Structure formats: structure tokens, C-alpha cells
Amino acid sequence: MKIGVVTRILYEDGVEKEFVNTSYLKMLNKYSFTPIIISCHSYKEEVLDMCDGFLLPGGDDIDARYFEQENHPSNVLVSPIVDEVDFKVLDYAIRNNKAVLGICRGLQVINVFFKGTLVQDILDQSHKNNKEDKMLVLSSSRFTSFQNKEVVINSFHHQKIDKLGEGLMVEGISNDAIELITHENYKLIASQYHLEKLDNEFEKEVMQFFVALTNQ
């Protein structure tokens, strides 16, 4: 199964670079997916047609205009083309019934796409330190063997879901932040935490859920 991975853009010493973190590629390889890199600067829908699903990875902040707010001073905005391509890929996936995995920024893109909003800066620093954290898997979660249990995650983000997008379902929470979501109708799963940096039983459960979505 081929998974399209959207690139990110970095400006370093006046040079624009387009890249994908290898941790995402290693995770996909671990589950026998073949990654296909989707370049923001050479986006073509024909490339999306080759893919069985998509990964929207982490990165800098979404322009708050997408949810009708002014940008907070703490926001680090990326090139507008990254926002544009993320939303195009997600729209394509929805229209063509293809699976999507969102991680960190990817979760936020999905929430905003479905008309949700974001807390633009978590003031108490509780999620910013790339530390080990615990997520409570809700009693209503689709992950039935983990319901009402705490699982180990990580925490490295300064924004979080505020208003939940239409049709999205909360699977897990941590420190009042929504950490894991699915959709009631579409083939979506997304984590606010960095799933690609974990190797535990719940990470395996989430990735097997994504594998199942791509095979539906």
C-alpha cells in the first residue's frame, strides 16, 4: 500500500528547503507501507491518484485565517503553499474515500478542515517540553481493549484543539488537550502527539487501525 507524505518547508541561511523527516518514513516502512513524497512545490493530483492513503505530518502553525482568527504572536507560520497543499490533499482524500493519518500539525489541519478551531498558544507550558506524558483513552473509544486506561505518549506542541470539528470523535485526552481523534464517517485518524516517535502497544494499535482503514 502506498502512502503519500506531504513535505514541509524550512528556510535556512536564506535557502528554502523542502523535506520529510525520516522518522515518518521509518514508521510507514515498519508497517509495510511504501511512502510516496508529495512535494508542495510540484503538487499534482496525478500523484495523489497513485496513493492508497496519506500522512499529514507535523510542522509549524496553520495560518489562523483558516479558522477566521488573527494569528497569535507566538505562531510560526510556514510558507502558504504548505497550508494550501495540506488542505488540498485532505479534500482529495475525503472525496475519493482514501485513508488519512494526521500527526501533530496534521491533526490540527484535519480539525480546521472540518470547521473546528484551535487554541493558538497553550499558556501553561504543559504540552511544550517534548516530555513523556499520559493519555486517557476514553470509555467511548474505538480502541476497546484500551478503554479507560492511560497510555504513554509524548507532548511537544503549543497549540491544541479548541472547538472540535464537525463529525470528529475524541478517542483520547491528556491535560485537557484532545490527543487522538477519528471521524464518524470518513477514514481518518490523527494524533496531537508524535506517534512516529513511539514504540509501544498503543502505537501498534493506532497504526493497525490506520492499516485497516487503507484496506477498506
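The values are calculated or read from the model by the stated rules, or taken from the named source; none is laboratory data. Keep in mind that what you see is a predicted model, and the values were worked out from it rather than measured. Quick reminder, even Gly has a Cβ in these numbers, built from the backbone with ideal geometry, and neighbours come from all protein chains shown. All accessible areas refer to the heavy atoms of the entire protein, side chains included, with ligands and DNA or RNA removed. Shrake-Rupley method; radii C 1.70, N 1.55, O 1.52, S 1.80 Å.
A 1.4 Å probe run over the stretch 1-110, with the rest of the protein chains in place, finds 46 Å² accessible per residue.
Extension gain for M169 to T22 (0.36 nm times residue separation, less C-alpha to C-alpha distance): 50.0 nm. With every protein chain in place and a 1.4 angstrom probe, the accessible-area ranking of D162, D176, D86, largest first, reads D176, D162, D86. Protein heavy-atom surface of the stretch 1-123, 1.4 angstrom probe: 51% of the accessible area is carbon and sulfur, with nucleic acids and ligands not counted. Here the convex hull built on the C-alpha positions of the stretch 24-86 has a volume of 105 cubic angstrom per residue.
Here the stretch 68-109 is treated as a Stokes sphere of Kirkwood radius computed over C-alpha pairs; at 20 °C and 1.002 mPa s its diffusion coefficient rounds to 182 µm²/s. For the pair the stretch 54-106 / the stretch 23-38, the C-alpha centres are spaced 20 Å from each other.
For the pair A212 and N97 in one chain, pulling the backbone fully straight at 0.36 nm per residue adds 40.1 nm over the alpha carbon distance. Computed over protein heavy atoms with a 1.4 angstrom probe, the accessible surface ordering of M169, M1, M27, largest first, is M1, M169, M27. With a threshold of 19 Å on the Cα-Cα distance, the over-threshold entries among K115/K149; K17/K98; K98/K163; K2/K187 are K115/K149; K17/K98; K98/K163.
FRET efficiency for the N29 to H72 pair, using the beta carbon distance and R₀ = 25 Å, is estimated at 0.10. On the stretch 169-216, 43 percent of the accessible area sits on carbon and sulfur atoms, based on a 1.4 Å probe.
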